1. For the stretch 47-57, give me each residue that is under 27 Å from Glu145 (Cβ atoms) and either outside the structural domain of Glu95 (by TED's automatic domain parsing) or in contact with a helix residue (DSSP H, G or I) (Cβ under 9 Å, 6 or more places away or on another chain) (or both).
2. Suppose we filter the stretch 154-176 for residues that are over 18 Å from the mean Cα position of the chain (by Cα) and either among the basic types (Lys, Arg) or part of a loop (DSSP other than H, G, I, E, B) (or both); how many remain?
3. Is it the case that Lys164 is in contact (Cβ under 8 Å) with a residue 60 or more places away in the chain and surrounded by 14 or more Cβ atoms within 10 Å (Cβ to Cβ)?
4. Quick check on Glu145: is it part of a loop (DSSP other than H, G, I, E, B), surrounded by fewer than 20 Cβ atoms within 10 Å (Cβ to Cβ) and touching a residue at least 60 places away in the same chain (Cβ under 8 Å)?
5. What about Glu174, is it surrounded by fewer than 16 Cβ atoms within 10 Å (Cβ to Cβ), acidic (Asp, Glu) and either out of contact with any helix residue (DSSP H, G or I) (no Cβ under 8 Å at 6 or more places or on another chain) or in contact (Cβ under 8 Å) with a residue 40 or more places away in the chain (or both)?
6. With Gly46, Gly33 as the choices, which residue is without any contact (Cβ under 8 Å) to a residue 12 or more places away in the chain, farther than 24 Å from Tyr186 by Cα and surrounded by fewer than 16 Cβ atoms within 10 Å (Cβ to Cβ)?
7. Under the condition of being within 22 Å of the chain's Cα centre (by Cα), assigned to a strand (DSSP E or B) and not hydrophobic (A, V, I, L, M, F, W, C), which residue from the stretch 3-24 is nearest to Glu41 (Cα to Cα)?
Amino acid sequence: MDNRKVRNIRKELLSDNWYTLNKFTFEYQKNDGTWEEQQREAYDRGNGAGILLYNREKQTIVLTKQFRMPTYVNGNDDGMMIEVCAGLLDGDDPEDCIRKETEEETGYQIDKVERVMETYMSPGSVTEILYLFIGEYSARMKVGEGGGADHETENIEVLEYPFKEALKMVKSGEINDAKTILLLQYAAMNNILSYR
């Protein structure tokens, strides 16, 4: 970290219950050269990875559905979210992580993955970088039921949709998860699957 416009950083731990929430007090140099004190909170949950599984022959994708408490308390009627398979790195390389998560959550043991982008999903408050991948799946790669790791209490439902239907679900708001929308749009823009 080398930003000469930031100095005198002080960090205060607010919570380390699930992940880590810190309050940072610092001085920031404005464009006119003066310094002002600012305070920001940053939630550190580690970095993660997500993947859009696609089948070119069938023109389908595999998504997951699970309960997300933060969306529920923010007005999502039942708290259920339709998303690409994703998980925290937990010290793993992003590619190793996403292969493991894919098998745990969807039951597919995929051969190759392609990293297509990395993004900050909520840079105003969350430190997480999300590494996003695409990967082709087929019936022969199905080695389990999926549903997530038992000890993680995820209760994941595995869904397979025609690609065109998934894009319509974004438009209707049925799919409103940012990483999922990004990867669906990536697949459309790069002609990974047909959407016309």
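1. Correct list: Gly48, Ala49, Gly50, Ile51, Leu52, Leu53, Tyr54, Asn55.
2. Counting residues in the stretch 154-176 that are over 18 Å from the mean Cα position of the chain (by Cα) and either among the basic types (Lys, Arg) or part of a loop (DSSP other than H, G, I, E, B) (or both) gives 3.
3. yes
4. No; evaluated as a whole, the condition is false for this residue.
5. Yes; evaluated as a whole, the condition is true for this residue.
6. Gly33
7. The extreme case among them is Asn22.
The values are calculated or read from the model by the stated rules, or taken from the named source; none is laboratory data. Computed from a predicted model, the values in this text were never measured in an experiment. Because the Cβ atoms are built from the backbone with ideal geometry, glycine has one as well, and the counts that use them run over all protein chains shown.
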